[in-house]
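Accompanying notes for the structure given below.
Derivation of every value follows stated rules applied to the coordinates shown; laboratory data play no part. Please read all numbers here as calculations on a predicted model, not as lab measurements. Cβ placement follows ideal geometry from the backbone for every residue including glycine, while neighbour counts extend to all protein chains displayed.
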There are 2 protein chains.
Amino acid sequence: MLTRAERDAAAERATAMLREAGITVTTDEQAALEVADFGLSRLEETGLTVLVYVNTERVCAKELVLFPRQLCPEHRHPPFAGTPGKEETFRCRAGRVCLYTEGEPTPSPAARVPADGVFTVWHELVLEPGDQHTIPPDTLHWFQAGDDGAVVSEFSTQSRDDLDVFTDPRIERAPRVSG
Amino acid sequence: MLTRAERDAAAERATAMLREAGITVTTDEQAALEVADFGLSRLEETGLTVLVYVNTERVCAKELVLFPRQLCPEHRHPPFAGTPGKEETFRCRAGRVCLYTEGEPTPSPAARVPADGVFTVWHELVLEPGDQHTIPPDTLHWFQAGDDGAVVSEFSTQSRDDLDVFTDPRIERAPRVSG
């Protein structure tokens, strides 16, 4: 749960990071930014701000903004409505993001995770501006920004965030804002 | 038909425009840029440079670079393989692009087209940074940059350029480079 003031402050900060990365954000887009705290009320640690450009039945494109060391918790996009589930490509625009997916665990991963977090996949990919990676449907993944935060473009099939399956049972994907 | 030198010069110029727009382009990406002259050998007038980020069976994302007043000729993306055809969203990143689609013709359109060109749809949308528009499948459209050129992100379903249907029968979509 976020207060309205917390949401608005995060949206303003994320907008500044997007603009710093050379991305135009309209006033309407800033107002509509999705600030997710995943129900943990620890936004600085676990959270994500999302600018959705388009999300139709066939195509979705977004910018993801992560504050310094902010992380998006482990999840997968399961099959639905006869589709294999969401396929997504991340391309780093600014800063650095460490992406963890299924595969051989990386011996000394760069991420710092909270002691009570639930993370089961540790195959690390470090993405800097110009680097990108495609995550197949229904594949576990999570990611954390580096010390300067990150702006990451996401190109995907339809987003149905309500269907995402998180490893940590405490997570609630739909943002709730009080007040 | 383009010479290798023409292709490389256009790729270098487009890379500079992308970087000016804040977009990181790797050396490999510059080498792989698609410079299309649509078979007319009038690249400055009719042409397009394309950076393809990803193009799978389900999702495609690209940057389109247009030099000042350069135009992409009228075409549509027809149904194929049981799909309705390519659905695409254009989002202007830098410069200005005038997009023409099916609909009420705009009385005094901003575009300047060659006398021998074939253009049948004249419903104008002017996109500047932060503006975007989604084009449904199988819908005629064409576009031209303003005086300073344009960088435009395209988010779409799979691109099958080989299936595009151009109104002008002289057009060849696949770039050919000599030498």
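How about the stretch A:15-63: which of its residues are farther than 20 Å from A:Ser178 by Cα and more than 14 Å from chain B (Cβ to nearest Cβ)?
A:Ala16 - this is the single residue of the stretch A:15-63 that is farther than 20 Å from A:Ser178 by Cα and more than 14 Å from chain B (Cβ to nearest Cβ).
Taking the stated definitions as given, is A:Val151 in contact with a strand residue (DSSP E or B) (Cβ under 7 Å, 6 or more places away or on another chain) and closer than 17 Å to A:Thr46 by Cβ?
When the stated conditions are applied, A:Val151 does not pass them.
From the list A:Ala31, A:Ala36, A:Ala5, A:Ala10, exactly one residue is of a type in the set (Gly, Ala, Ser) and closer than 28 Å to A:Pro137 by Cβ. Which is it?
A:Ala36
Please report, ordered by residue number, the strands (runs of 3 or more DSSP E) entirely within the stretch A:87-179 with at least 1 residues that are aromatic (Phe, Trp, Tyr) and either farther than 15 Å from A:Leu64 by Cα or free of Cβ contacts under 8 Å to residues at least 12 places away in the same chain (or both).
By residue number, A:88-101.
Return the only residue of A:Cys72, A:Cys92, A:Cys98 being within 14 Å of chain B (Cβ to nearest Cβ) and within 14 Å of the chain's Cα centre (by Cα).
A:Cys92
Is the stretch B:23-39 home to any residue that is in a strand (DSSP E or B), in contact with a Lys or Arg (Cβ under 9 Å, 6 or more places away or on another chain) and within 16 Å of B:Ala145 (Cβ to Cβ)?
yes
With B:His77, B:His133 as the choices, which residue is surrounded by 20 or more Cβ atoms within 10 Å (Cβ to Cβ), farther than 17 Å from B:Leu18 by Cβ, within 13 Å of chain A (Cβ to nearest Cβ) and not β-branched (Val, Ile, Thr)?
B:His77
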